[in-house]
Amino acid sequence: MSSPARLFLEALSPEAYKPYGDVIMAAPRGETGAAANQGTAGRFDHLATLEDHRPGRARLNVSVFRCAPRPVGDFSVDLLEKHPASTQMFVPMNATRFLVVVALGGAHPDLGTLRAFLASGLQGITYRPGVWHHPLLALDKPTDFTCLVHEDGTKDDCVVVELPQAARRVVAIEPAAGSVVP
């Protein structure tokens, strides 16, 4: 029996991630944005597109996910999920780094488009409607994420598929720079 194919970890950047969604990052240093709050803040608008493809409009759910950290080492991508009718957005509240695994596809994930990104704690992400993804993977410590997604209680809220053994991929999760692995 052969071992699963390896999936190489990439640094999360807006350009590399564009087919899958948006990357939300801290305001650019040196830029002031549009004046807001009587001049005490700069506002940076339209950083991500949030879509709801349902004809009746689903309710926007704002929630918090608390994710346990994954241990360093190899991680097998055994399942993927998608939200066919809504963008899903995650913004870390206390992360140092986290893993984002995504793929394109229709009724089933196209594993030829499967990619794994390493995000810093200063980056948030969206999954475009219909983008296959693994549930978020916190690294280094328990991490809270604010999540926004349109939901109406139907099967289109979330579709999950388990990958056949032969289709699974392995991602090597390295320790954070400067950390000591027990």
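P142 passes all but one of (1) surrounded by 14 or more Cβ atoms within 10 Å (Cβ to Cβ); (2) modelled with pLDDT of 95 or more; (3) under 22 Å from A11 (Cα atoms); which number fails?
Condition not satisfied by P142: (1).
Please indicate, with yes or no, whether at least one residue in the range 40-47 is part of a strand (DSSP E or B) and touching a helix residue (DSSP H, G or I) at 6+ places or on another chain (Cβ under 9 Å).
Of the residues in the range 40-47, the ones part of a strand (DSSP E or B) are 41-43.
Adding the requirement that they be touching a helix residue (DSSP H, G or I) at 6+ places or on another chain (Cβ under 9 Å) leaves 43.
So far as the range 40-47 goes, yes, one or more of its residues are part of a strand (DSSP E or B) and touching a helix residue (DSSP H, G or I) at 6+ places or on another chain (Cβ under 9 Å).
Pick out the one residue from E162, E174 that is acidic (D, E), at pLDDT 95 or above and either under 26 Å from R54 (Cβ atoms) or more than 13 Å from the chain's Cα centre (by Cα) (or both). Full working, then the answer.
On the way: E174 fails: at pLDDT 95 or above.
Unique residue meeting the criteria: E162.
All but one of (1) under 18 Å from L9 (Cα atoms); (2) free of Cβ contacts under 8 Å to residues at least 12 places away in the same chain hold for D74; which doesn't?
Only one criterion in (1) under 18 Å from L9 (Cα atoms); (2) free of Cβ contacts under 8 Å to residues at least 12 places away in the same chain is unmet by D74, namely (2).
Only one of L99, L50, L80 is touching a strand residue (DSSP E or B) at 6+ places or on another chain (Cβ under 8 Å), in a loop (DSSP other than H, G, I, E, B) and surrounded by 12 or more Cβ atoms within 10 Å (Cβ to Cβ). Can you tell me which?
Values: L99 fails: in a loop (DSSP other than H, G, I, E, B); L80 fails: in a loop (DSSP other than H, G, I, E, B).
Answer to the check: L50.
Among the residues of the range 122-137 satisfying the criterion of being modelled with pLDDT of 95 or more and touching a Phe, Trp or Tyr at 6+ places or on another chain (Cβ under 7 Å), which is surrounded by the most Cβ atoms within 10 Å (Cβ to Cβ)?
So the residue we want is I125.
The values are calculated or read from the model by the stated rules, or taken from the named source; none is laboratory data. Since the structure is predicted, the reported quantities are computational estimates derived from the model, not experimental observations. Cβ coordinates were reconstructed from backbone atoms using ideal geometry, including for glycine residues, and neighbour counts include every protein chain displayed.
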